[in-house]
1. Got a sec? Which of A:LEU466, A:LEU567, A:LEU482, A:LEU546 is open to solvent by less than 20 Å² (accessible area, probe 1.4 Å) and assigned by TED's automatic domain parsing to the domain that holds A:PHE264?
2. What are the pairs with Cβ atoms under 9 angstrom where one residue, in region B:485-510, is within 14 Å of another protein chain (Cβ to nearest Cβ) and within 30 Å of B:ARG541 (Cβ to Cβ) and the other, located anywhere, is outside any helix (DSSP H, G or I) and among the hydrophobic types (A, V, I, L, M, F, W, C)? Sequence gap at least six, or different chains.
3. Go through region A:170-195 and report how many residues are out of contact with any Ser or Thr (no Cβ under 6 Å at 6 or more places or on another chain) and of a type in the set (S, T, N, Q).
4. Here is a list: A:ILE395, A:ILE389, A:ILE423, A:ILE416. Which entry is open to solvent by less than 30 Å² (accessible area, probe 1.4 Å) and either within 25 Å of A:ILE480 (Cα to Cα) or among the hydroxyl-bearing types (Ser, Thr, Tyr) (or both)?
5. For region B:122-165, give me the residue count where each residue is of a type in the set (S, T, N, Q) and open to solvent by 30 Å² or more (accessible area, probe 1.4 Å).
6. Testing A:GLY180 on (1) within 30 Å of A:ASP566 (Cβ to Cβ); (2) over 16 Å from the mean Cα position of the chain (by Cα); (3) within 13 Å of another protein chain (Cβ to nearest Cβ), one condition comes back false. Which one is that?
Number of protein chains: 2
Amino acid sequence: MHLFQRSHDCGSLNKTDVESEVCLSGWVHRYRDHGGLIFIDLRDRFGITQLVFDPAHNKEIHQQAEKLRHEWVISIKGKVMLRSSETTNLELKTGEVEVLVADMQIHSKAKTPPFSLSDDFIDIHEEIRLKYRYLDIRRGPIANTLVSRHKAMMAARKYLDSLSFIEVTTPILGKSTPEGARDYLVPSRIYHGSFYALPQSPQLFKQLLMIAGMDRYFQIAQCFRDEDLRADRQPEFTQIDMEMSFGTPEQLMAIVEGLIKAIFKECLKKDITTPFKRLSHKTCMELYGSDRPDLRFDMPLSDISDIVKNSTFSVFLDQLKEDGIVKGLCVKGGANMTRKDIEDYTAFVQKFGIQGLAWMKMQENELKSNIVKFFPDDVQKEMIAKMKIEEGDLIFMIADLPGTANQALDHLRRKIAKDRKLIHEDRYEFLWVTDFPLFRFSPEEQKIDSEHHPFTSPKFADLPLLDSDPIAARSEAYDIVLNGYEIGGGSQRVHDPEVQKKIFDILKLTEEEIHSRFGFFIEALSYGTPPHLGLALGLDRIMMILSKTDSIRDVIAFPKTQKASDLMMACPGTVAPAQLNELNIILGE
Amino acid sequence: MHLFQRSHDCGSLNKTDVESEVCLSGWVHRYRDHGGLIFIDLRDRFGITQLVFDPAHNKEIHQQAEKLRHEWVISIKGKVMLRSSETTNLELKTGEVEVLVADMQIHSKAKTPPFSLSDDFIDIHEEIRLKYRYLDIRRGPIANTLVSRHKAMMAARKYLDSLSFIEVTTPILGKSTPEGARDYLVPSRIYHGSFYALPQSPQLFKQLLMIAGMDRYFQIAQCFRDEDLRADRQPEFTQIDMEMSFGTPEQLMAIVEGLIKAIFKECLKKDITTPFKRLSHKTCMELYGSDRPDLRFDMPLSDISDIVKNSTFSVFLDQLKEDGIVKGLCVKGGANMTRKDIEDYTAFVQKFGIQGLAWMKMQENELKSNIVKFFPDDVQKEMIAKMKIEEGDLIFMIADLPGTANQALDHLRRKIAKDRKLIHEDRYEFLWVTDFPLFRFSPEEQKIDSEHHPFTSPKFADLPLLDSDPIAARSEAYDIVLNGYEIGGGSQRVHDPEVQKKIFDILKLTEEEIHSRFGFFIEALSYGTPPHLGLALGLDRIMMILSKTDSIRDVIAFPKTQKASDLMMACPGTVAPAQLNELNIILGE
């Protein structure tokens, strides 16, 4: 059989092709037998073209066409014809023409798919979609995200290449240096009892490449974390990973802004505005109670502790005595909320460990609520000024420890915005969050952890704090936030082996741990290390936002479930005893 | 400390920059203290620039410069000056200028490296180079291969993107479907006793993407094989992997030729000639005794069985009776070989299980050797004609079973070419080998194996042979060979689930094996599969050839040894008992 040679894809024919002889290949998407004429919508990745089988034109081919069913794969030859004006479909790129079929090859038949592929709005259980991933991709939306992901990767590579960044492939079979997340392990057949680990990120490799003098590195890298998965996590995920020597944070941020601009331009044909807004971590927490605020809407938080300490409202006064704060937000036009609305928001914040939600409405130019009487006029005046309360607004206030209050208000702010449709879905609001603390204290484990990772450089001015008060030290780290998601983060790295050792000491790593896990790296630092800095962007997260989906599984070709299994391949799965024998490992009971 | 902002890299200054104020950063490569003046060669990835520290110009900076040692990392500010004509170094891009240093920042000191980084021709034991990989990269040659590899990947991506191929990332955590090579396994923490496997190639995923309608896929993919490693193998390696629907082998071959052309153009600025030569597997074995012949030199093999059967040379006659063949090659000008040379070649072929190596020289217009007397004149005449023997040539002949004879003659042919310097090192001789057998019989295991893999399509004309004589069936497969290396291979795939099942049956997979390993894939084939075909190129192998190195480790940033260990990180390594407990696996004794 000599395969017909496709002349066009199914998305490309139009009026200018009328009378041309063409050859198309694809899947039978829709099938209509109008007594005499048979109409078929032929589909491929690029679009849909209507085929006509006319018994008066070719009786034999028409008879073959009668056997066709949904999803059969065919190639046809025929002539492009103009559709009559009443059958023109202007929603399709190819909607003004059809192809009168003269010859056909049937490549393969198809069983009836487990779900319809020609209905756009069908609601299919995700387990079925994942089991038949190849059919789900065929439906269209997932294919579009994959094409978009390809475009994003191409745009990123072209951009970084143009700035002399070199893509270097780093190993997948690496060393287990557990911290933060759990490693996936790979038993060694040659060294029984030894294991490789899949990389959580190429962090050490990219720093070694800077030590190696590669100057500017990038990689679109697969990373692995054996964690219990949330909705937007996968056991393997993709980072646009970069590192540069001799640069400044300003330079890196400008490069990253250009990178994101290039990706958005390519995928959405959208010009995003640079430079991005910047907020210090401290200011960000004050204004939004979060280090990844959604800036597509306003509604900042206000700390009114200093004002309401002059009230007589004991709930506030008691909290202020216990190291608590009083913080609130002003909902523009929120005075139209019902008692039920307010009760619902109260129940909502209680999920975050908050006792109560105080509120006041500004109506007829005065604050009204059941607690207004505890707030003297001058206190009210100061509140109105600080929170910018206007006629028709409502304010919510929370009194609690700063961490709890911020967390609850962050969630409340986002929930109100969603409920009141304050979020512009087509806006992309980027933010750099800078000046993170270098460490955080983990009360559960009673120990100090890195806020980012142990290779993050302290701010130069804060170096002395490493000895005196490490928790107060700020880092030269910067996260990049888009629409309430952290889409990446980076930092200046430590390039002095002494400082690196000091940080490991603060993290209470023993000499032995330092030596066995990072010994080679500290040694590497001692052979002449350039100042270097870098950043990694979460590609999956960015593609989720670009594709306007809530599920990370929609932007990955063959994703795993939240239980880390591949339903299509039935994986992970059992293996032959001989395979385990060779690895000298035994399964526990 | 405010970092100096680099204005140029160390490879870019020239005469046109004289009198400019510049800022450079890099490593102290060479250091010369000429009494008063200190000269430093400053190095970065891009080149070397000479710095001058003059006490008359800046005494304080000159004093600091006295402390500098090899591999310290510095930034300097200074003015570009023309070198005097006697100190100009035309071998360096920057050799006409030097920078008179006005200010300096010392970023980091360096311990004395374990080997010199400023001597180009030093011979360092590879174990040391691998342990200090970051220093070995800094030396230059490895860095150059990494840059070249980046360029090759960029060129491949741009080219394939321009042809509507979409790069899709497929999972690293896959399913174990052992065949051919051993899988690396990853124990699952969630499903105790179950394992993921690292992919040996994305073969099934890319075929599923064709079933999914993605039309044209590519990926520069990491692949994994837990095999005992030869010099040019690594446990993880990189493929340029591609697949397309509705295409013909002719189209695919043209696309691949264009791809290779693009890579060579980018990396070597070389225009290679397309289309490439083609030989059927059968012809290739006849002419070169190998399916990956080095065509940078001639010296084909000749089967002279039909001629020498009329001789009286019993060694040949006995072999011919035992299903053997007599094959030979003609060494142009080889009559100058000494008895010792011939003895050495005889010993060489004996390593491949050959009894003896017959030879004749053409001198004074007649064949001469100790065995000529067994060959009547007309036999000699036919031999001369067939083997194109001319005055001054030598022929070698081997009588053995075809497989053994071909293997020995292939090695002999290459050894002679190397010894006699017949190989043009700057030539790139590509070859398509087509019409491979679909299966091969493994005498050790007494079973039929796939010559390539079980998804390879038989030639359409040979489909009936699957039932009658599968070993005789040819496949629609094509390997691509460069300078004696197989650099890639591809095929038309089976797109009919019935044919696919028949092939699994011939391979003697049980119903249960087929179901558990490939059940999902056979099911996928049944929902409407386009005819599809694809190919994978071994990027590491290509980069080895481009970089003119014999070691695959030279083209990988962080390679493993032949025992699959990373000497820099000391990996694989032991892990904490808690990690194994979570996976519920126990180490054997």
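1. Numbers: A:LEU466 fails: assigned by TED's automatic domain parsing to the domain that holds A:PHE264; A:LEU567 fails: open to solvent by less than 20 Å² (accessible area, probe 1.4 Å); A:LEU482 fails: assigned by TED's automatic domain parsing to the domain that holds A:PHE264.
Among A:LEU466, A:LEU567, A:LEU482, A:LEU546, only A:LEU546 is open to solvent by less than 20 Å² (accessible area, probe 1.4 Å) and assigned by TED's automatic domain parsing to the domain that holds A:PHE264.
2. Listed pairs, sorted by first residue: B:GLN492/B:ALA477; B:GLN492/B:LEU533; B:ARG493/B:PHE455; B:ARG493/B:LEU533; B:VAL494/B:PHE455; B:HIS495/A:VAL73; B:GLN500/B:PHE455; B:GLN500/B:VAL494.
3. Of the residues in region A:170-195, 3 are out of contact with any Ser or Thr (no Cβ under 6 Å at 6 or more places or on another chain) and of a type in the set (S, T, N, Q).
4. Working: A:ILE395 fails: either within 25 Å of A:ILE480 (Cα to Cα) or among the hydroxyl-bearing types (Ser, Thr, Tyr) (or both); A:ILE389 fails: either within 25 Å of A:ILE480 (Cα to Cα) or among the hydroxyl-bearing types (Ser, Thr, Tyr) (or both); A:ILE423 fails: open to solvent by less than 30 Å² (accessible area, probe 1.4 Å).
Among A:ILE395, A:ILE389, A:ILE423, A:ILE416, only A:ILE416 is open to solvent by less than 30 Å² (accessible area, probe 1.4 Å) and either within 25 Å of A:ILE480 (Cα to Cα) or among the hydroxyl-bearing types (Ser, Thr, Tyr) (or both).
5. Step one: of region B:122-165, the residues of a type in the set (S, T, N, Q) are B:144-145, B:148, B:162, B:164.
Those left that are additionally open to solvent by 30 Å² or more (accessible area, probe 1.4 Å): B:144, B:162, B:164.
Total satisfying the criteria: 3.
6. (3)
Conditions tested, residue by residue: (1) more than 12 Å from A:LEU409 (Cα to Cα); (2) more than 25 Å from the chain's Cα centre (by Cα).
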{"position": "A:GLU266", "(1), (2)": "yes, no"}
{"position": "A:THR274", "(1), (2)": "yes, no"}
{"position": "A:LEU279", "(1), (2)": "yes, no"}
{"position": "A:TYR288", "(1), (2)": "no, no"}
{"position": "A:ASP291", "(1), (2)": "yes, no"}
{"position": "A:VAL315", "(1), (2)": "yes, yes"}
{"position": "A:THR346", "(1), (2)": "no, yes"}
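Residue by residue, here is whether (1) farther than 30 Å from A:SER457 by Cα; (2) surrounded by 19 or more Cβ atoms within 10 Å (Cβ to Cβ); (3) at pLDDT 95 or above; (4) not assigned by TED's automatic domain parsing to the domain that holds B:ASN144 holds:
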{"position": "B:CYS10", "(1), (2), (3), (4)": "no, yes, yes, yes"}
{"position": "B:GLU21", "(1), (2), (3), (4)": "yes, no, yes, yes"}
{"position": "B:TYR31", "(1), (2), (3), (4)": "yes, no, no, yes"}
{"position": "B:ASP41", "(1), (2), (3), (4)": "no, yes, yes, yes"}
{"position": "B:GLU71", "(1), (2), (3), (4)": "no, yes, yes, yes"}
{"position": "B:ILE74", "(1), (2), (3), (4)": "no, yes, yes, yes"}
{"position": "B:MET81", "(1), (2), (3), (4)": "yes, no, yes, yes"}
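The values are calculated or read from the model by the stated rules, or taken from the named source; none is laboratory data. Because the structure is predicted, anything quoted here is derived from the model rather than measured. Note: ideal-geometry Cβ built from the backbone for every residue, glycine included; neighbour counts use all protein chains shown. What goes into the accessible areas is simple: the full protein's heavy atoms, side chains included, and nothing from ligands, DNA or RNA. Shrake-Rupley method; radii C 1.70, N 1.55, O 1.52, S 1.80 Å.
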